[in-house]
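Working notes, beginning with the structure itself.
The values are calculated or read from the model by the stated rules, or taken from the named source; none is laboratory data. Nothing here was measured: the structure is a model prediction, and the numbers come from that model. No Cβ is skipped: glycine too gets one built from the backbone with ideal geometry, and neighbour counts run over all protein chains shown.
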Amino acid sequence: MTDDIRRITATLDALYAMISGPAGPRDWSRQREIFHPQCRQIRTGVDADGEPWFKMFDPQQYRAEADAVFAGQSFYEVETSRVIRVFGNIAHVWSAYEAKTNPDDTIPERRGINSIQLYRDAAGWRVISRIWDNERPGMPLEEGLPVRVEA
């Protein structure tokens, strides 16, 4: 494992650890270390009519949104597989996950994919963008990371 891959892995492990936990506020003390100040995080989905939507957050907006949601519910996001590609000062990670309300749950509440882009600057490898989508009817998350090309 290269030094870049080790550092990216540590950043991603810290990201999952930071957002996972019992109901209540999260420990955001490592947020600046994990997320670039200009980072954008984008939650996606489809509405009741099947129309796509997204909601975008900067680091402060994401923290406020997460604190509001997690104030009353436990949330554990567990990575199930990861593919990392690095070129120079950029990296792309496909990260499959399961979301649970209890870390010991055998059946997840939902599953999905995080597409995470990292940028290496003087501070090291930090998330510059993250976009995610959840598994749903007609869009199953197959074993590992699915590779589908649709025309």
Read through the list (1) closer than 16 Å to CYS39 by Cβ; (2) at pLDDT below 95, then give the number of the only condition that ARG126 fails. (2)
Could you check the stretch 75-90 and list, in sequence order, the residues that are surrounded by 14 or more Cβ atoms within 10 Å (Cβ to Cβ) and closer than 20 Å to GLY112 by Cα? PHE75, TYR76, GLU77, VAL78, GLU79, THR80, ARG82, ILE84
Just name the residue that is nearest to ALA71 (Cα to Cα) out of those in the stretch 98-142 that are free of Cβ contacts under 8 Å to residues at least 60 places away in the same chain, small (Gly, Ala, Ser) and in a loop (DSSP other than H, G, I, E, B). GLY138
Restricting attention to the stretch 102-123, which residues are at pLDDT below 95 and hydroxyl-bearing (Ser, Thr, Tyr)? THR106
Pairs where the first residue, in the stretch 49-63, is among the polar types (S, T, N, Q) and the second is not in a helix (DSSP H, G or I), C-beta under 9 Å, 6+ apart: GLN61/GLN41
Does at least one position in the stretch 72-82 carry a residue that is closer than 22 Å to ALA10 by Cβ, in contact (Cβ under 8 Å) with a residue 24 or more places away in the chain, outside any strand (DSSP E or B) and not β-branched (Val, Ile, Thr)? no
For the structure I just gave you, tell me whether TRP132 is farther than 21 Å from ARG7 by Cβ, surrounded by 11 or more Cβ atoms within 10 Å (Cβ to Cβ) and either in contact with a His (Cβ under 6 Å, 6 or more places away or on another chain) or among the aromatic types (Phe, Trp, Tyr) (or both). yes
Boolean, HIS92 is more than 13 Å from the chain's Cα centre (by Cα), closer than 26 Å to ILE5 by Cβ, in a strand (DSSP E or B) and not acidic (Asp, Glu): no
Over 17 Å from ILE113 (Cβ atoms), β-branched (Val, Ile, Thr) and in contact with a helix residue (DSSP H, G or I) (Cβ under 7 Å, 6 or more places away or on another chain): which single residue out of ILE34, ILE5 fits that description? ILE34
The one condition in (1) within 20 Å of ILE90 (Cβ to Cβ); (2) of a type outside the set (A, V, I, L, M); (3) surrounded by 15 or more Cβ atoms within 10 Å (Cβ to Cβ) that ASP13 fails to fulfil: (3)
Select from the stretch 49-73 the residues that are loosely packed, with under 15 Cβ neighbours inside 10 Å and small (Gly, Ala, Ser) and write down the one among them that is nearest to GLY138 (Cα to Cα). GLY50
Restricting the search to the stretch 23-40, which residues are loosely packed, with under 13 Cβ neighbours inside 10 Å, farther than 15 Å from ARG126 by Cα and in contact (Cβ under 8 Å) with a residue 40 or more places away in the chain? ALA23, GLY24, PRO25
